[in-house]
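Working notes for the structure below.
Each value in this text was obtained by applying a stated rule to the coordinates, not by laboratory testing. Everything quoted here is computed from the prediction, not taken from an experiment. Methodologically, a virtual Cβ is constructed for each residue, glycine included, from the backbone with ideal geometry; neighbour enumeration extends over all protein chains shown.
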Amino acid sequence: MSNTVRVQPDLKFVQELQQVGGESLKKCYQCATCSVVCPLSPPDGPYPRKEMVWAQWGLKDKLVNDIDIWLCHNCGTCSDLCPRGAKPGDLLAALRNMAYRSLAKPAIIGTWMSSSKGFPLLMLIPAIIYGLIWSIMAGKLGTAFPLFVTDGHGLKVAAEGAIIYGGLFPGDYTIDPIFGAVFVFMVLAFAGGIATMLKGFEGIPKTFIVGRGKEPSFLCCLIDTLKVEVAQHSRFQNCGKEEKDVQRFTGHLFVFYAFIALMIVTSVVAVGHWFGAFFLQHIMGLEGGLAGLIAWAGHTPMPLWSPVKLLANAGAVALVYGLMKLTSRRTALDSAKSTSNWYDWYLLTVIWGIALTGIGSEIFRLIGQKVLAYPTYYLHLIFVFMMLAYLPWSKLGHVVYRTVALAYARKIGRLPMGEL
């Protein structure tokens with residue numbers, strides 16, 4: 001006698017899934033074309049066919065803990081070749097969008113991030129914070145658009161001075177503490193999201209690999225993932241060789257390394273200021289030698305010939321180039337085969353905002369246009385805040401979540417070590 005299995009669909013889950021990008025899932029009639037043509041799907045339990053049927057049936061419990069939604073790199077091949085226009089690639093993207101909303105806490109931020117209605121509120125929070133700082137400092141300095149000259153180790157307002165953003169938005173007690181708190185908040189949110197993700201993966205069966213020795217540690221798998229997948233974007237290269245695939249690979253690679261360059265610049269400035277200028281010089285009383293060099297490396301505004309400044313400008317150029325590639329690909333998508341959702345455009349908008357306001361801030365400062373420079377820098381602070389503070393709930397969160405999922409997949413044998 002066969003056992004009876006009761007299926008209890010979650011219709012609300014199906015409706016939510018359709019709202020965040022999976023509106024075409026009902027068109028699927030399980031022909032399996034998507035799993036056959038996918039260049040990344042493993043032979044054992046291939047995706048996205050099984051995800052399509054699970055979604056149609058509203059099997060939320062299976063989908064929310066499905067590691068394969070993270071192994072998919074959204075190349076769009078499955079959607080391009082789907083004979084029914086069911087857009088399986090969009091479904092997996094929609095499942096990731098739902099995951100962003102629920103993995104990290106507080107969940108209210110995920111709710112705000114889920115549609116364009118929450119964008120004004122997400123932007124308003126940093127706008128108020130930095131607007132208050134600007135207003136307070138303007139009252140203290142006597143002008144909202146000050147020019148500064150160096151006065152010992154400090155600054156003072158002067159009619160013939162220069163634009164110095166740190167004079168209006170002091171790093172010591174406004175910018176650095178705020179972004180420090182935002183960074184801690186982001187790390188804690190990611191830690192909670194990762195813990196939730198890994199707990200959900202515990203029930204995934206391990207894959208038996210002939211000739212495989214002892215199961216590797218998660219750390220070894222993580223290192224392998226960072227070396228093979230993240231640093232080289234190797235799986236992106238396997239997504240296809242068409243123009244749109246090349247644009248996607250190139251765009252992701254340039255944006256990734258642009259952020260690495262800008263992160264290095266930010267770290268140098270922070271170490272130079274807090275360790276060099278504050279601790280070594282101010283606290284320890286060391287002025288020259290190594291202490292002076294460290295402090296100089298982080299002193300802003302930097303001369304254009306500074307190696308740190310050159311790296312920053314190279315990162316900005318790479319960021320714009322990568323964004324152009326990704327935006328071009330996104331706007332050229334055939335809506336009958338694949339569509340862009342709110343999460344896609346939110347991420348592009350924020351990163352474009354960071355790039356353009358960052359470059360604009362430098363240009364307006366160099367040409368002495370204070371009325372344009374300070375508002376542009378103000379917007380730059382807002383966009384950077386939005387990227388960092390809301391990162392665990394945005395599409396950019398896949399940088400962390402996908403990396404963890406790929407490492408876990410290697411650990412259980414779902415993906416081979418050192419592949420590609």
1/(1 + (r/R0)^6) with r = Cβ-Cβ of residue 195 and residue 144, R0 = 60 Å, i.e. FRET efficiency to nearest 0.05, evaluates to 0.85
Measuring from its Cα centre, region 11-103 shows a charge dipole (+1 at each Lys and Arg Cβ, -1 at each Asp and Glu Cβ) which, in debye to the nearest 20, is 240 debye
Applying the span-like rule to the chain (DSSP H, Cα extent along axis at least 24 Å, Kyte-Doolittle mean at least -1.0) gives 119-141, 176-201, 243-270, 307-331, 342-366, 370-389
Listing 17, 11 by rising number of other beta-carbon atoms within 10 angstrom, fewest first, gives 11, 17
Most exposed to least, judged by fewest other Cβ atoms within 10 Å, 244, 117 sort to 117, 244
Applying a 4.7 angstrom Cβ cut-off across the chain, unpaired cysteine residues come out as 28, 31, 38, 72, 82, 220, 221
With 0.36 nm assigned to each residue of separation and the Cα-Cα distance removed, residue 105 to residue 156 gains 14.1 nm
Burial-style ranking of 306-313, 76-83, 88-95, average other-beta-carbon count within 10 Å with highest first, yields 88-95, 76-83, 306-313
Nearest-0.05 FRET efficiency for residue 399 and residue 132 at R0 = 30 Å, using Cβ-Cβ distance, is 0.45
So for R0 = 56 Å, FRET eff. of residue 206-residue 304 from the Cβ-Cβ r, to 0.05, ends up at 0.55
Ranked output for segments 214-227, 282-295, 253-266, 48-61 by mean other Cβ atoms within 10 Å, highest leading, reads 48-61, 253-266, 214-227, 282-295
For residue 214, counting only lysines whose alpha-carbon sits under 16 Å away and dropping same-chain residues fewer than eight positions off, the answer is 206, 411
Per the helix-only model, the chain has a calculated mean residue ellipticity at 222 nm (DSSP H runs of ≥4, -39500 (n - 2.57) each, divided over all residues, rounded to the nearest 500) of -18500 deg cm²/dmol
In nanometres, the difference between 0.36 nm per residue of separation and the alpha-carbon distance of residue 252 and residue 11 is 83.2 nm
The local net charge around residue 393, scoring Lys/Arg +1 and Asp/Glu -1 for residues other than residue 393 whose Cβ lies under 11 Å from its Cβ, equals +3
Placing each pseudo-label 7 Å from Cα in the direction of the beta carbon, residue 328 and residue 367 end up separated by a distance in nanometres of 2.6 nm
When 143, 357 are arranged by how many other beta-carbons sit within 10 Å of their Cβ, fewest first, they go 143, 357
Neighbours of residue 158 by Cβ distance under 15 Å: Lys/Arg at +1, Asp/Glu at -1, summed charge 0
